[in-house]
Each structure stands twice: as C-alpha cells, then as structure tokens.
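Asker: Handing you this structure, nothing more for now.
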Amino acid sequence: MKIDKYRSLGLVAVLAVAGGGFAMATAGPAAAADCGQIFDDFAYSSSSDSALTSHGWVPRSYQGGPGVAGANWSPANITFPTADGQKVMQLTSYTDGTAGGTGHAELYSAQKRYFEGTYASRVKFSDAPASGTDGDHINETFFTISPLAYDLDPTYSEMDVSEYLPNGGWGETGPINYQTTWYTYRNEPWFADNVHSEQRSSLNGWHDLAVQVAGGHVKYFIDGVLVGDHSGKYYPRQTMTINWNQWFIDLATHSGGRATYVQQVDYLLHAKNAVLSPAQVTAKVNSYRGAGRTFEDTIAGDCGSTPPTDPPTGPTDPPSDQPPATGCDDAPAWAFSSVYTAGNLVKHERSRNGDPNGPKSGDGLHLWKARYWTQGSEPGWTQQWDDLGRC
C-alpha cells in the first residue's frame, strides 16, 4: 500500500481478473496443523479503550505517508459504533481540500507475527461520502505488511487484500478495487515490483474479504469468489502486521467544502497455518458470536510455518543483548540485525534515501524509542520508531 504505486505499471507484473472471469471457490481446504487463531468482533468503547491495546491493536497517531502530505492521522478518527446490529470498527476520513484540513485513519496490529494461513475481514466500503460533495480520490483498505528495511529489500512482504478506490486515483477512474502482492519497491526514483488483480465495478456496502496464504500461493476472495491467485517470488517472505486504513491519495478532485468518508469493519479472523474456505470462515465467526465471545487469541508462537528466507544482513553486527538506556549518553547505536522491543532506546542518524548502507541524511544523531517489537526497520524511515529529538 504505497503512494502512486501504479504509476509504473510498465515495471509491474499485472494479473487482471475481469468480472466475467471470477471463479467460485469449490475445492476443500488443505489440511494444516492447528496453530490457533485470532478473532476480534471489535466490541470496544473507543480508540482509547484499554482493551483495544491489550488485545494488540494500535490506533495510528504518527504523521506521514501514505496519501496527502501534511494530513493528520488521529486515533479520534477511529470509533466503535453499532451498525446493522453489530459493533464495528469505523474509520473516518475527511478533507476540505487542504492538507491541514485533511484527516486519515488507520488501525494496525502491534506485533509483526502473521505469515501463512487464512485472513478474513468483513468490510463496508462506501462509494459516496457520509457528508459533503462526492468525487475525492479516497482509498479504503485491508492489508498486511512488513517494514521495508532498505530500497529493494528482497524480504519485504505485503498483501493488499483490498484497496477500494470508489472515485479512482493513480491515473484510473473509479470504481476500481485492487488485490496486490508485493515483492519489493523503491521510493526514489519510484520502482514497484508486484502483481495485482482488479475489479472495475462498485463494491459499495458490506463484503467478506479473505486471503489464503499457503503452498506458495496467495489466493484472494470477495464474498466467496476467487478474484486473484498470486504466486512465485511474490509469495510473502516474512511475518507481517494486519492493518486497515482509509486515506486520500491526493486532493486533485476535491470540489469544495468538507467531505467526510466512512469505512466500517465488522470482524477480523486469522487462522495460523490453516487454509479455510470462505464458508468455514463464516462458520467460525458465527460460532464465536453464538457463544457470545468477542475476542480470542490462541495463536501459537512456535508452530511450524516459518518464513522461508533468513533476514537480510546489515551494516553492523548486533550486540549480544540490549542494555537498558535512559537517554543519548547511554543509548546504543541502532544495529540493523538487533531485535528491539517497546521502549528500547537507540541513537541513529537516519539515512538520506532509506538505505542504511547509503549516505547519511545530515540530520545528526537522534534518540529513537521503539514503539513495539522491531528488527531491520531503520529509525526515521519506518513506523516502528518515535523520534525523541537530536542528541
């Protein structure tokens, strides 16, 4: 899920699935070890509900891309109303045509621990704004992602289960929906290496989205229909986080006043290492709800199915352990291969182009604090780090 990621389609492998070419999922699921699952019905009171963070979710509060530069990302843009008889997670995005008057929303998992298995979420897309004039280039999403350690990182992994553009964007007219599986990319100059499927029809309303990741294939489903099968080098190579967000690609088509868009999410189900058919997903969700259970996490930490490649080597060797630090004086230098957990402090001058082996930015050493578990994510270029200022 990147800004302008389709502007270089000549460099991208494309798998287009026309509406008439959809295939129904009729084959039974492959057998797999029971490694547990996570289910969340989003029965929270607000984005500040302590249960939300204790269950492993983070309402985004840091600024930056994707989308409109200078836009605000705020936990206040995430709410939990009741819709169609169920508690849902609601992402609200708005714009008045200026960067300062634009707000985006994102919820993501704090841990990067998801790899093979089945991912499913019921999402309500909106063709028109809840208020204001229609026509903005809005992106409504459900995806998994890992950090890009450096330009063209060969272990980078991302699966865009759906990126719905009701009014188009990236040079396309809407409505259009994408499923994209990524190998790698580079920001400057832009280069994208991915494969995608697309649907050129309205998805306004509720839809059951699912992806099966197993046996070298990434299979995407909408409402039980197979809409994409991606394989080869695009198969994920490391664990990822689970994310939903809603953001404006640009402000080029805004026509005045304030427009507000809403995306809702009914549930999340991930079954580790298990290939579930869409019907089995529905049965599991109904079973949880029938038992009155709104959250469960039984995913086993060590249950086979590890990413097939080793993490990339970095410019420095990690220390044998991570000593505690209180500030610039005793914080260690950031090391590419070291594992950091929430609260760890490091010193680092970010690179100029997002390549830790490349030239420095000239910003000087800064003190950085890890937001959660992270490895191979450079401070200053990834969302895993808070900048505490120059040393």
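The values are calculated or read from the model by the stated rules, or taken from the named source; none is laboratory data. These numbers were taken from a predicted model, which means no experiment stands behind them. Cβ placement follows ideal geometry from the backbone for every residue including glycine, while neighbour counts extend to all protein chains displayed. Side chains included, ligands, DNA and RNA excluded: accessible areas come from the protein's heavy atoms. Shrake-Rupley method; radii C 1.70, N 1.55, O 1.52, S 1.80 Å.
Asker: For the range 99-121, list residues with backbone N below 20 Å from a point placed 7 Å from the Cα of Val339 toward its Cβ?
Answerer: Residues 109-116 fall inside that zone.
Asker: Further question on the same structure: Modelled label-to-label distance, Ser255 and Asp223, 7 Å Cα→beta-carbon offset: nm?
Answerer: Label-label distance for Ser255 and Asp223, simple model: 2.7 nm.
Asker: Peptides 144-154, 274-284: what's the order by average Cβ count within 10 Å, highest mean first?
Answerer: 144-154, 274-284
Asker: Efficiency by 1/(1 + (r/R0)^6): what FRET value for Ser287 and Ala99, r their Cβ-Cβ distance, R0 = 41 Å, to the nearest 0.05? If you can, show how the numbers build up before the last one.
Answerer: Values: r = 46 Å, r/R0 = 1.11.
In this case the efficiency is close to 0.35.
Asker: I would also like to ask the following. Starting from one equal scatterer on each C-alpha and no solvent at all, send me the Debye-based log10 I(q)/I(0) for the range 137-210 at q = 0.13, 0.19, 0.20, 0.24 Å⁻¹, two decimals.
Answerer: So the normalised log intensities work out to -0.43, -0.83, -0.90, -1.11.
Asker: Express in whole angstrom the spacing between the alpha-carbon centres of the range 82-158 and the range 179-219.
Answerer: When both Cα centres are located, 14 Å separates them.
Asker: Expressed in nm to one decimal, what extension gain is obtained for the pair Ala76 and Phe191 from 0.36 nm per residue of sequence separation less their Cα-Cα distance?
Answerer: Stretched out fully, the Ala76 to Phe191 stretch lengthens by 38.0 nm.
Asker: Which length gain, in nm to one decimal place, applies between Asn204 and Ala110 when the Cα-Cα distance is subtracted from 0.36 nm times their residue separation?
Answerer: 30.9 nm
Asker: Kindly flag which residue pairs out of Lys87/Lys272; Lys124/Lys272; Lys219/Lys272; Lys112/Lys347; Lys347/Lys369 have an alpha-carbon separation exceeding 21 Å in this structure. Walk me through the numbers before you get to the answer.
Answerer: Working: Lys87/Lys272 25 Å; Lys124/Lys272 25 Å; Lys219/Lys272 15 Å; Lys112/Lys347 23 Å; Lys347/Lys369 9 Å.
With Cα atoms farther than 21 Å apart: Lys87/Lys272; Lys124/Lys272; Lys112/Lys347.
Asker: Let me ask you something else. Per-residue HN-Hα couplings for the range 41-58, Karplus 6.51 cos²θ - 1.76 cosθ + 1.60 at θ = phi - 60°, whole Hz, x for Gly and Pro?
Answerer: Working through the residues one at a time gives 9, 6, 8, 10, 8, 6, 6, 9, 4, 4, 5, 4, 6, 5, 8, x, 9, 10 Hz.
Asker: Let me ask something else. What are the residues whose amide H is under 5 Å from the amide H of Trp57, where those residues sit 5 or more places off or on another chain and H is modelled from the backbone?
Answerer: Amide H neighbours of Trp57, under 5 Å, 5+ apart: Ala110.
Asker: Just grab the label-to-label distance for Leu152 and Tyr62, each label 7 Å out from Cα along the Cβ direction, in nm (one decimal).
Answerer: 2.6 nm
Asker: Right, another one. Working with all protein chains in place, sort Tyr44, Tyr183 by solvent-accessible area computed with a 1.4 Å probe, largest first. Don't jump to the answer; show the numbers that get you there.
Answerer: Working: Tyr44 10, Tyr183 55 Å².
Solvent-accessible surface, decreasing: Tyr183, Tyr44.
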